[in-house]
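Here is the structure we will look at.
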Amino acid sequence: MKKSIYIFNNGTIKRKDNTIYFEKDEERKIIPVNSVSEIHIFGEVDLNKRVLEFFTQNKIPLFFYNHYGYYVGSYYPREYLNSGLITLKQAQFYLNVEERLFLAKSFVKGAVDNILQNLNYYKKVKGEYLKETIQIIKEKYSEIDSKNDTLSLMAIEGEIRKLYYEAFNIILNSGDFLFDKRTKKPPENPLNALISFGNSLMYTTVLAQIYRTHLDPRIGYLHETNQRSFSLNLDIAEIFKPIIVDRVIFSLINKGQIKLNHFEEDVEFSYLNEKGRQLFIKAFEEKLLTTIKYKNLGNVSYRKLIRLECYKLYKHFLEEEIYKPFIAEW
């Protein structure tokens, strides 16, 4: 199975014939292109057109992150599977109000169902403390079908996520990581920094899987298709954030693996330092490699589940099978 590569150091990516290597000072490390699915670059890295041409030939997207560890852009090679037919179908489903709303609602429902799975799991551990939150979220869930536009859908999802994030104070066994309010640009405390960093990784992970399908990532349904380059990955990521990103956060904090010394803080912002990012990414990748039994396919990794979600959308656009979002069983 191909794997993701993360580059944290400053240096240069160079190409010699059919070999790609990363050079830092006097050190040189070969990048095994045949076994790489995508590359995530956190350091200050130089590369030239010959390198990009080779990545294009080998169908490897690059994702770039800023000093604080947040996604800023991609090198998205020429789509080798992209289908004009599917792009037209996606556009038709986007322009049809009912079809777009169906998909937008499906993404929200999938996200909330997986949020409830997390809360119900921790309800067994934490007793009745989460019971009221679960009940309120279920009541708000029942309002989803009555919404007639994506703005109101995103509003109800925002209300649900606020309740959910507040429940982190019960789920987490650490007074160092408390949720006050969701802040993004910039995150104002370590817990917000973890959520933002994890979500950023989730968006690029989904984008990398979309690249390996016939879908066009520029056409989303819940998230507006507008000035941003990609939006379908944001839609699909909503489903997987609770069961991948949030569970990684719960595990790292409750096991005491990530601590306040893994963050840099200022008066108005907080972000993971390099050691903290490496810890999070290690746990995130381990989660993506974890397998579960899935329908008639046997054991499937979470990374493969994301691609299967793309294929389900593909079948929906071809009107072969109505799309249903993935819901975790626990």
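Could you give the spread of the C-alpha atoms of the range 61-170 along their three principal axes, from largest to smallest, in whole angstroms?
Projected onto its principal axes, the Cα set of the range 61-170 covers 51, 41, 21 Å.
Restricting to DSSP loop positions (anything but H, G, I, E, B) with no more than 15 other Cβ atoms inside 10 Å of their own Cβ, which chymotrypsin sites (Phe, Trp or Tyr not before Pro) remain in the range 58-155?
TYR80
Just for the range 1-124, what percent of DSSP beta bridges are antiparallel, to the closest 5? Mind dumping the intermediate values first?
Values: 14 of 24 bridges.
So the antiparallel bridges in the range 1-124 amount to around 60 percent.
Can you tell me what share of the DSSP beta bridges in the chain is antiparallel? A percent to the nearest 5 is fine. If you can, show how the numbers build up before the last one.
On the way: 20 of 30 bridges.
Around 65 percent antiparallel, to the nearest 5.
Taking the Cα atoms of the range 3-60, report the difference between the largest and smallest coordinate on each principal axis, in whole Å and largest first.
Extents along the principal axes, in whole Å: 27, 23, 17.
HN-Hα J couplings of the range 237-246 from phi, Karplus 6.51/-1.76/1.60, θ = phi - 60°, integer Hz, Gly and Pro as x?
4, 3, 5, 9, 4, x, 8, 10, 4, 5
In the Gaussian network model of the chain, springs joining C-alpha atoms below 10 Å, which of GLU27, GLU53, GLU265 carries the largest mean-square fluctuation?
So, out of GLU27, GLU53, GLU265, the one fluctuating most is GLU27.
Could you check which residue among ALA91, ALA208, ALA193 shows the biggest mean-square fluctuation in a GNM of the chain with a 10 Å Cα cutoff?
Result for the chain, Cα springs under 10 Å: ALA91 fluctuates most.
Over the range 84-317, calculate the relative contact order: mean separation of alpha carbon pairs under 8 Å at least 6 apart, over the residue count, as a percent.
23
Projected area of the range 98-228, taken from the Cα convex hull and averaged over every viewing direction, in nm²? Don't skip to the answer; put the middle values down first.
Numbers: hull surface 37.0 nm².
It is 9.2 nm².
Mind listing the phi-derived Karplus ³J(HN,Hα) values for the range 41-58, rounded to whole Hz, using 6.51, -1.76 and 1.60 with θ = phi - 60°, and x for any glycine or proline?
Per residue, the Karplus-derived 3J(HN,Hα) values read 10, 9, x, 7, 10, 9, 7, 10, 5, 4, 5, 4, 4, 5, 5, 5, 4, 9 Hz.
Rg/Rh for the range 125-199 to two decimals, with Rh computed the Kirkwood way over all alpha-carbon pairs. Show your work: numbers first, answer last.
Working: Rg = 14.0 Å, Rh = 13.8 Å.
So for the range 125-199, dividing Rg by the Kirkwood Rh gives 1.02.
Give me the one-decimal Kirkwood hydrodynamic radius in Å for the range 179-330, with the sum taken over alpha-carbon pairs.
Numbers: mean 1/r = 0.0600 Å⁻¹.
Result for the range 179-330 stands at 16.7 Å.
For PHE102 and SER301 in one chain, what is 0.36 nm times their gap in residues minus the Cα-Cα distance, to one decimal in nm?
On the way: separation 199, 0.36 × 199 = 71.64 nm, distance 2.73 nm.
Full-extension gain reported as 68.9 nm.
So what does the Cα-only Debye profile of the chain read at q = 0.10, 0.12, 0.15 Å⁻¹, as log10 I(q)/I(0), no solvent term?
Values returned for q = 0.10, 0.12, 0.15 Å⁻¹ are -0.62, -0.90, -1.37.
We did not get these values from a lab; they are worked out from the coordinates using the rules stated. Fair warning: this is a prediction, and the values are worked out from it, not measured in the lab. Counting neighbours? That spans all protein chains shown, and the Cβs are built from the backbone with ideal geometry, glycine included.
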